[in-house]
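Reviewing the structure listed below.
The values are calculated or read from the model by the stated rules, or taken from the named source; none is laboratory data. Source: prediction; values computed, not measured. Note: ideal-geometry Cβ built from the backbone for every residue, glycine included; neighbour counts use all protein chains shown.
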Amino acid sequence: MPVIGVATTDSWSAVILLCLLLSDIVSNPFHSLFQNAKRASTAAAPLAAWVKANVKFSYVLEKIAPLEGEQNKLKKLVVLYDELLNSFTHASSEYMSLV
């Protein structure tokens, strides 16, 4: 067992081995767990906000689907009433020309 303050061959080789391992971990991005963890946590918040917004949007779409159907029916009625009004106006003008 090495004594503190006294450098032995075993303690120096352990330090060198540790330095080599640390330099490999720092230089290799696949081993850089801290950087990967930081990147993942940085991306997690916006991703969670995006998912939450999409879920809320799907609820909104479910709520407005019946309203869109009703709106389409009303648009068809407006077109029908416009056609009836035009035909009535045309028939009225023809009648007035005959009288």
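So the values come out like this:
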| read-out | value |
| --- | --- |
| Ser58 vs. criteria part of a helix (DSSP H, G or I), of a type in the set (S, T, N, Q) and modelled with pLDDT of 80 or more | yes |
| Any chance Ala45 is modelled with pLDDT of 70 or more and loosely packed, with under 10 Cβ neighbours inside 10 Å | yes |
| Candidates Leu77, Leu17, Leu22 - the one that is at pLDDT 80 or above and assigned to a helix (DSSP H, G or I) | Leu77 |
